[in-house]
Structure formats: C-alpha cells, structure tokens
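Enquirer: A single structure is presented below for examination.
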Amino acid sequence: MSGFERQILITGGAGFIGSHVVKLFVNQYPTYKIINLDLLTYAGNLENLKSIENASNYEFVKGDIVDGDFIQSLFQKFDFDGVIHLAAESHVDRSITDPLAFLQTNILGTVNLLNAAKESWKSESGKLFYHISTDEVYGSLQKTGFFTEQTAYDPQSPYSASKASSDHFVRAYGNTYGLNYIISNCSNNYGPYQFPEKLIPLMINNVIGGKRLPVYGKGENIRDWLYVEDHARAIDTIYHRGHSGETYNIGGFNEWKNIDLVHMLCEIMDKKLQLKDTSKNLIEFVKDRAGHDLRYAIDATKLEKELGWRPSLQFEEGLEKTVDWYLENTQWLDHVTSGVYQTYYQEHYAV
Ligand code: NAD
Ligand code: TYD
C-alpha cells in the first residue's frame, strides 16, 4: 500500500506538454502519487519542474520507454492505477532526418508500455491507459473542413506515421486484450517551456538574438494553435471523465497562416523590446519542408459537448503571455540551447 488514493505514471513529464500536465496533477491532486518517467533527451529538462520537485506526492524516474525490461520492472515496483503517456520524439523536421528514432520511441516505446500495463493489470477494471496523440495522424486538409474523431487516418510525415501507428497499437490492445484506454488527438500547442525548435519559440528566440526568421515556403501553411495549459486541463478532464475506448479531439478553433502568425509575433516583440527597426525585417522565406502538410484544423465539439471542456485563452492573449515568459526566462533559453544540448541545437536549428 502506497498510502495514496492512486498512483499515476506520466511519461515524458520533463518535456513541454508533459511538464505542464505533471504540475497540474501534482498541485491539484495531493492524494495521488505522480511518477514522472522521462529519459531527459534534448527535449526533456528538469528545470521545467522546479516548482514541484520537492512535493511529497511526486517522484521522478529517469528511464527509457524503449527498454522493455526496464518498463516491466517499473510496473512491478509501482502499482500504477493509470498511465498518461506523453513521451515521444515530437518534431516533424527531426523525423525527416531520422525516422528510425521516431519508430523506436513512438512505436516500440508505446508497445512496451502497453505490454507492461496488459501484464501487470491483467483484467483489473478501473485502470486506464491514456495515450496522448496529435491531429497530424489525420493527414493534411485543403482549404476547408475539419478533422473529427471519425476522420480516417492519413499520416504524411515520419512523425505522424509513428504517432498513427502508436494510436493503432493502443486500440489493438483494447480490442484484443481488453485494456481500458483513451486516446486524445490535439492540435499544435504553444506556451512556456517549449523547446525552441518549434515555430513559435524558435521565432521568439531568434528575434531576441537578432537572427533571421526562417519561414518555410511562402508561409501559407495553416496550423490550429492551443495554449499548453488548456491542453493540460483537457487531459485532466479526459483522464477523469472520459469514457474507455473513446477518442477525443482537442483544439481551440484557432487557425493561423504561418506568415500571419509570425507577423503578429514580430509586432508583439517589437513593442516589448522597443525595437527601432521592426523584427519583420528578419523574416526570410526558406526552402519548404519536404511533404509539408498544408492545413490542420480540429473540430473539438465532442469534447466541449460531452465533457464541457473549453479553451480559456484568446490567441493574442496567449501569445503575449508566451512572449513575456520567454523574455523573463532567457536563462532557460540559454540552458536548453547550450551545454549538453549545444551540438544538437547548432547542427539543426541555429540560424
Ligand atoms: P517534447 O519533445 O517537448 O517532450 C517529449 C518528452 O519525452 C521529453 O521530456 C523527452 O525527454 C521524453 N522522451 C523522449 N524519448 C523518450 C524515451 N525513449 N523514454 C522516456 N522519455 C522520453 O514533446 P511535447 O511537445 O511535450 O509533446 C508531448 C506529447 O504530446 C507527444 O506524444 C506528442 O506527440 C504529443 N503532442 C504534441 C503536440 C505539440 O504541439 N507539441 C500536439 C499534439 C500532441
Ligand atoms: P512546427 O512548430 O514544427 O509544428 P508542426 O510541424 O508539428 O505543425 O511548425 C509549425 C508550422 O511552422 C509548420 O507549418 C512548419 C512551419 N515552420 C516554419 O515556417 N519555420 C520554422 O522554422 C519552423 C520550425 C516551422
């Protein structure tokens, strides 16, 4: 007996979204024990969790989900009531240069967790495997329409193919072995603690450093943006009130063309940094990403209607909060783009 009402394994809890989810659960549910399993790759950083690192209902475990024996032993050590699985390789550009790493972590890592859950939970009811996925599994939309939970999978990048495969494995374990599961597919997240390889923090970091702002192609691709704390709240809602075997799409009905978003970001940064020359002058249109999906747009009606979740922030407000956070935390930016991360960052992202 652990003395806690529930023990929950959160994987990838030192990453961008995972760290917000861990903090929300540790703070909101003192009767739960939260075990955060993370390999601390370039994308994982314990500084993201400073505010809760000494909490009595929190424990960090460093480990690799690709190591099946280790995962089995973790499930023997703890009596998990639930898993919220976020650990993944998460960046499309990296998946283009190194697809195998995505296959390993996202597919094999997920199957290792499913096996351990299946074997240690047997047919115990009330245990839940909650898999965090992306809207990119649905492929690319043209100018109109939305992804719903019924949209057929049509992944286009090695990243989305690996996430789609992991989603299929989760459903297969539900169907074949009776594992209780839920999957949610969310649109693009933004906010504090996002590694500066993704569009928004990369642009913020580059404006701070006076570096060029690389916009792929003509900047006409469209993404649907959600503030990360709204995603974390959705995960809390779905974990507690979602139904086993169901899929929930998460998004804020907030589509932006990349170039319009970058312009808005530059205007915010110009104001905050009191720049004489607008940072828009740093924009450079560069070679397009291979196989670049044109548009993503999520229909989150099911989540709103069935579970009452709604996004809390308008985009302009969320973007300003995000810029403020990065300006106040330049030390965090320095840390994640230097030291052990430096070689990787410079090879791939220093522009
Ligand atoms: P991230 O790259 O910031 O964090 C991933 C975390 O996983 C890191 O802490 C990393 O150390 C850890 N990790 C990687 N490989 C591991 C391994 N083999 N074993 C253990 N830990 C490992 O990613 P994120 O943006 O926070 O995304 C989290 C999840 O949400 C992913 O599953 C992603 O597919 C999904 N998602 C992300 C977005 C988005 O916009 N970022 C949108 C929808 C869904
Ligand atoms: P990204 O943040 O990598 O997320 P995803 O590919 O998962 O949607 O990219 C968001 C959009 O921004 C995507 O259309 C690619 C584009 N992009 C750029 O134009 N320049 C950049 O430097 C990056 C990283 C992305």
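Laboratory data are not the source of any read-out in this text; all were calculated from the coordinates shown. These numbers were taken from a predicted model, which means no experiment stands behind them. Positions of Cβ are generated from backbone atoms using ideal geometry, with glycine treated the same way; all protein chains shown enter the neighbour counts.
Enquirer: Helix 158-177 against the longest principal axis of the chain: what's the angle in degrees, Cα atoms only, rounded to the nearest 10?
Expert: It works out to around 20 degrees.
Enquirer: Same structure, new question: Note the count of lysine pairs whose C-alpha atoms are less than 24 angstrom apart in the stretch 1-149, limited to pairs 8 or more residues apart or on different chains.
Expert: Counting lysine pairs in the stretch 1-149 gives 19.
Enquirer: Next question, about the same structure. Subtract the Cα-Cα distance of His243 and Lys276 from 0.36 nm times their separation in residues, and report this length gain in nm to one decimal.
Expert: Here the answer is 6.5 nm.
Enquirer: From Cα pairs below 8 angstrom and at least 6 apart in sequence, can you work out the relative contact order of the stretch 1-78, rounded to a whole percent?
Expert: Over the stretch 1-78, the number comes to 29 percent.
Enquirer: Counting only DSSP beta bridges with both residues in the chain, tell me the antiparallel percent, nearest 5.
Expert: 10
Enquirer: I need the phi-derived Karplus couplings for the stretch 3-15: 6.51 cos²θ - 1.76 cosθ + 1.60, θ = phi - 60°, integer Hz, Gly and Pro marked x.
Expert: With the stated coefficients, the stretch 3-15 comes to x, 9, 5, 9, 10, 10, 8, 10, 9, x, x, 9, x Hz.
Enquirer: Kindly provide the pair-distance distribution of the stretch 250-343 built from C-alpha pairs, with 10 Å bins from 0 and whole-percent values in order of increasing distance.
Expert: 12, 28, 37, 20, 3
Enquirer: Less than 12 Å Cβ to Cβ from Gln72, Lys/Arg counted +1 and Asp/Glu -1: what total charge do the surrounding residues give?
Expert: Its environment carries a net charge of -1.
Enquirer: Apply the a/c threshold of 1.5 to the C-alpha gyration tensor of the stretch 214-298 and tell me whether it is rounded, prolate or oblate.
Expert: Oblate, because a/c is 1.5 or more while a/b does not exceed b/c.
Enquirer: While we're on this one: Output the 0 to 90 degree angle, nearest 10, between the alpha-carbon long axis of helix 68-77 and the longest principal axis computed from the alpha carbons of the chain.
Expert: With both axes taken from Cα atoms, the answer is about 60 degrees.
Enquirer: Oh, and also: In debye to the nearest 20, how big a dipole does the chain give about its Cα centre with +1 on each Lys and Arg Cβ and -1 on each Asp and Glu Cβ?
Expert: Dipole about the Cα centre, nearest 20: 120 debye.
Enquirer: Another question, then. Distance in nm between label sites at Asp98 and Asp154, each 7 Å beyond Cα in the beta-carbon direction?
Expert: 3.1
Enquirer: Further question on the same structure: Let me see the pair-distance distribution of the chain: every alpha carbon pair, 10 Å bin width, integer percents in order.
Expert: 5, 25, 36, 24, 8, 1, 0
Enquirer: Figure the gain on full extension for His168 and Thr301 (residue separation times 0.36 nm, minus the Cα-Cα span) and round it to one decimal in nm.
Expert: Taking His168 through Thr301 to full extension adds about 45.6 nm, to one decimal.
Enquirer: How big is the stretch 194-264 by the Kirkwood estimate over distinct Cα pairs, in Å?
Expert: 14.4
Enquirer: Could you order peptides 9-17, 268-276, 315-323 by the average number of other Cβ atoms within 10 Å of their residues, highest first?
Expert: Packing proxy ranking, top to bottom: 9-17, 315-323, 268-276.
Enquirer: Where the centre of each part is set by its Cα atoms, how far does the stretch 140-206 sit from the stretch 214-241, in angstrom?
Expert: About 10 Å separates the Cα centre of the stretch 140-206 from the one of the stretch 214-241.
Enquirer: Now, a different point. Which shape class applies to the stretch 1-134: rounded if a/c is under 1.5, otherwise prolate when a/b exceeds b/c and oblate if not, where a ≥ b ≥ c are the square roots of the Cα gyration tensor eigenvalues?
Expert: Here the stretch 1-134 falls in the oblate category.
Enquirer: Suppose a student asked you for the relative contact order of the chain, using Cα pairs under 8 Å spaced at least 6 residues apart; what percent would you report?
Expert: 17
Enquirer: Whole percent per 10 Å bin, from 0 to the bin with the longest distance: what is P(r) over all C-alpha pairs of the stretch 1-67?
Expert: Going out from 0 Å in 10 Å bins, the stretch 1-67 shows 23, 56, 20, 1 percent.
Enquirer: With the Cα gyration tensor of the stretch 117-172 giving a ≥ b ≥ c as the square roots of its eigenvalues, does the rule (a/c under 1.5 for rounded; else a/b larger than b/c for prolate; else oblate) give rounded, prolate or oblate?
Expert: The shape class here is prolate.
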